[in-house]
Structures are given as C-alpha cells and as structure tokens.
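The values are calculated or read from the model by the stated rules, or taken from the named source; none is laboratory data. Because the structure is predicted, anything quoted here is derived from the model rather than measured. Note: ideal-geometry Cβ built from the backbone for every residue, glycine included; neighbour counts use all protein chains shown.
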Ligand code: ARG
C-alpha cells in the first residue's frame with residue numbers, strides 16, 4: 001500500500017503554505033458551524049461517489065468497504081451528537097473526511113479521488129434542498145386542505161368583498177378562502193417546477209473542468225435519485241440559480257402568507273370582529289390585561305421581510321461572480337437554510353391555525369349590509385331589462401346618492417321611489433337586492449355563488465388527491 005510521506009499535515013492544503021492563518025481569518029473563512037447541517041447529505045453523496053469509484057475500479061473493494069464502515073459510524077456519531085466538529089477543519093466536508101481517515105485509514109484519503117469540494121458542496125446543497133422542497137410541498141398540501149375544510153364550512157357565509165378596502169360586493173367567506181387555496185396551489189406548482197432544476201447532479205465536475213479518472217456520472221446520479229447530470233462542469237460548480245429560484249418561490253409563498261396574515265389581523269380587530277383566532281396562536285400584553293394579540297399572523301407578516309431579503313442576498317451574491325467556483329458561494333447557505341426554516345415553520349403553524357379560526361357570520365353580514373354592496377346587482381338588473389350598462393351605472397349612482405342622504409340601504413327604498421331612477425324597476429328587484437340573491441347570482445366558474453364554491457372545493461380536493 002502506497003502512503004504519502006506528507007500525510008501528517010492537518011489541513012488538506014497546508015504543505016503549500018508557509019504561515020498559518022490567524023484565528024480571526026480561520027473563523028471568518030470557516031463554515032462548519034452552519035454547514036454541518038449538510039452532514040447527512042454529505043455522507044450520502046460520498047457513499048454514492050465511493051460506490052462508483054469502486055464499480056469503475058478506481059478504488060478497491062476493501063477501500064470501499066472501509067469507507068462504508070467509517071461513514072456508518074460517523075453518521076451515528078453525528079445523529080447521537082457525539083461527533084466533534086472542529087473549526088480548524090473549516091467545513092462539514094473536511095470534518096467528515098478527517099474523521100473517516102481516522103476510522104478507515106488510507107481508504108478515507110482515497111474518497112476524494114476524482115472529486116473536489118466544489119462539486120461536493122453543490123451536490124450536498126441540491127440533495128438538502130430537494131428534501132426541503134418535498135417537505136414544503138407536503139406542508140403546502142396540508143395547509144390547502146385545511147383551508148378547503150374552512151371554505152366548505154363557510155360556503156354560505158356572506159361577507160363584504162372589498163376593493164380599495166371599501167365595501168364592493170357581497171361574497172362568501174368560503175370563496176375568499178378559496179382565493180388563498182389558488183395562490184398556495186400555484187406556489188406548489190412553482191416549487192415542483194423548481195425541483196426539476198434542483199434535481200441534477202454536479203458531482204463529476206470536480207474543481208471546475210471535470211476529472212481525469214474514468215468516472216460514471218450517470219451511475220452516481222441514479223444512486224442519488226437525481227433526474228440527470230449537470231451537463232457543463234463549470235456551470236455545475238458555480239451557479240446557484242436553483243437556490244435563488246427556490247428563494248424566489250419561497251418569497252412568493254411568504255408574500256401570500258403575509259397577505260392572508262394582514263387580513264386575519266384586520267378581521268380580528270374588535271372594530272371589525274369577523275373572526276377570532278384560537279388562543280394558542282395569540283398572546284396577551286404585559287401591561288394591558290384585556291389584550292389578545294394575533295401574534296402568529298403578525299410575525300409571519302414580519303418574517304416575510306427576511307425571506308424576501310434572503311432572495312436579494314442570493315441574487316447579489318451571484319451577480320458579480322466570474323466562472324467558475326468562488327468562495328463567495330459559501331455565503332449561499334445561511335440565507336437558504338433560514339428560508340427553508342422560516343417557510344417550513346410558518347406553513348406548519350398556518351395549517352394548524354386554519355382549523356383554529358372561528359368565523360363570526362353575524363358581524364360579516366352586518367358589514368355586508370353597509371356600503372351598498374348590492375349596487376352592482378341593481379345595475380345588472382337594469383341591463384337585463386334593456387338599459388345600456390353605462391346608463392344603468394348612472395341611474396344606480398343617483399339611487400345610492402339618495403340613500404346616502406337618507407342614511408338607508410337601496411333595499412329600504414320603496415318601489416315608487418326606486419322607479420324614479422328607472423321605470424324599468426319592478427317589484428322583483430327586492431330579491432335581487434338581498435345578499436343571498438347577490439352571491440347566488442354569480443353562478444359561473446370562478447364566481448362566489450355557494451354552489452360554485454362547493455364545485456370549486458370538489459375540484460381542488462381532487463387535485464390535492
Ligand atoms: N465550504 C465551501 C462552500 O461552502 C466548500 C467548497 C470549498 N471549495 C473551495 N475551493 N474552497 O462553498
């Protein structure tokens with residue numbers, strides 16, 4: 001067995017250097033305290049690489065077996081929390097490799113044949129992110145399912161729909177919830193699409209140009225469940241567009257969460273009183289004993305800022321980098337990890353919180369009866385009787401003005417007064433002006449009629465599977 005006479009050096013490249021780095025530089029350049037999160041995927045990637053090296057007769061069966069044995073032990077040490085992480089060893093990759101060499105001897109040192117930390121770390125991030133995406137897709141499905149349950153319970157509950165935060169037209173609360181189900185459904189589509197580009201194998205690119213060893217990249221890709229290999233070695237080690245794409249998708253998820261949070265907070269204000277949120281998602285005030293604050297939606301709205309920030313951080317990280325790998329890329333991890341953690345926790349909590357929302361239909365109804373929410377129904381009624389829409393709009397505007405002056409609703413005006421605005425108005429108008437009549441009349445795909453809400457729920461449930 002041939003062993004290097006220089007193998008006593010503690011750092012992978014130290015023979016080239018004549019002075020050590022300062023403690024500050026060591027700490028500045030190290031990533032182990034955050035990239036150790038990649039340990040299990042790092043081991044998974046190394047085992048697939050080693051298996052291929054053995055299959056291609058680049059390392060012996062004995063070496064391969066020693067690597068598997070060592071990695072199995074390292075994996076349990078890490079899981080048990082007994083593994084010693086050393087800042088001196090810079091990152092997760094060198095920490096694991098060093099321990100492997102302690103356990104497996106020269107076999108450990110042969111593992112890095114035909115590989116670089118550049119393609120290794122790119123592989124690790126992709127494996128990690130693929131797992132995170134799969135988790136988030138499950139959470140998005142659970143959240144949508146909880147929203148569908150809520151929508152079904154409230155398919156007939158009428159509330160005011162708003163534009164410009166002004167009462168616009170009556171809608172059903174179920175319909176309102178379904179708007180969010182659509183948004184989170186598109187987020188899931190985007191995530192599934194992003195996964196396709198995440199799920200490609202960088203290993204084999206080595207440092208940047210490929211390797212002189214007769215490797216089989218397709219074999220490694222198949223072992224690790226990647227759909228295909230990254231086809232250009234420079235691109236494979238240098239770009240992090242897949243992580244940026246994920247963060248963009250995450251930013252949209254959080255943006256949707258934030259919009260919903262804003263509504264929940266407004267709806268829970270005693271001035272509005274449309275909903276209550278279960279106590280377990282709220283907190284009190286240290287000074288005002290009467291307070292019950294919707295902390296969870298407020299915090300989610302706030303956390304959207306940090307996720308949006310991570311997207312900008314990664315875009316900025318990438319924009320100035322020449323090909324191929326640069327150490328800048330080490331900075332991809334913390335924003336990415338924090339994005340995954342934030343989105344994962346938020347969705348988990350929101351899926352639970354959806355079941356903890358108590359709807360107050362009476363308050364919604366009272367609000368819907370204010371603000372002339374059925375004015376458009378009156379205009380549509382006149383159009384159906386032959387009046388051009390613009391003229392109908394004008395006639396109803398006059399009617400609303402009169403009602404504002406009299407402080408009453410359109411439906412409070414007697415028929416003869418209504419007919420002043422248009423002789424086309426008959427007694428059948430009063431059914432049209434009810435909240436129930438208004439929502440039931442919007443009876444087409446995508447409309448707010450309870451019947452359509454139920455059809456939409458069935459369609460969305462079938463999609464969720
Ligand atoms: N810790 C490094 C990172 O996260 C691993 C790759 C280091 N490669 C190198 N050539 N220094 O990017």
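Worth a mention:
- Failed criterion for residue 167 (all others in (1) more than 16 Å from the chain's Cα centre (by Cα); (2) away from the ligand (no atom under 16 Å from the Cβ); (3) closer than 27 Å to residue 252 by Cβ hold): (3)
- The residues of the stretch 107-119 that are within 16 Å of the ligand (Cβ to nearest atom) and surrounded by fewer than 24 Cβ atoms within 10 Å (Cβ to Cβ), listed by number, are 112, 114, 116, 117, 118.
- Lone unmet requirement of (1) touching a helix residue (DSSP H, G or I) at 6+ places or on another chain (Cβ under 7 Å); (2) in a helix (DSSP H, G or I); (3) closer than 19 Å to residue 120 by Cβ for residue 321: (2)
- Yes/no for residue 220 being buried (at least 21 other Cβ atoms within 10 Å of the Cβ), over 27 Å from the mean Cα position of the chain (by Cα) and part of a helix (DSSP H, G or I): yes
- Flag for residue 142 being in contact with a helix residue (DSSP H, G or I) (Cβ under 8 Å, 6 or more places away or on another chain), part of a helix (DSSP H, G or I), within 25 Å of residue 250 (Cβ to Cβ) and within 16 Å of the ligand (Cβ to nearest atom): no
- In this structure, residue 171 qualifies as at pLDDT 95 or above and not in a helix (DSSP H, G or I).
- Residues of the stretch 273-312 that turn out to be surrounded by 13 or more Cβ atoms within 10 Å (Cβ to Cβ) and under 15 Å from the mean Cα position of the chain (by Cα), as a count: 10
- Filtered by the rule that a residue be more than 11 Å from the ligand (Cβ to nearest atom), surrounded by 14 or more Cβ atoms within 10 Å (Cβ to Cβ) and over 17 Å from the mean Cα position of the chain (by Cα), the stretch 319-346 gives a lone residue, 321.
- Residue within the stretch 390-412 that is assigned to a loop (DSSP other than H, G, I, E, B) and modelled with pLDDT of 95 or more present: no
A quick yes/no check of all residues on (1) in a helix (DSSP H, G or I); (2) within 30 Å of residue 331 (Cα to Cα):
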{"position": "242", "(1), (2)": "yes, yes"}
{"position": "259", "(1), (2)": "yes, yes"}
{"position": "265", "(1), (2)": "yes, no"}
{"position": "285", "(1), (2)": "no, no"}
{"position": "290", "(1), (2)": "no, no"}
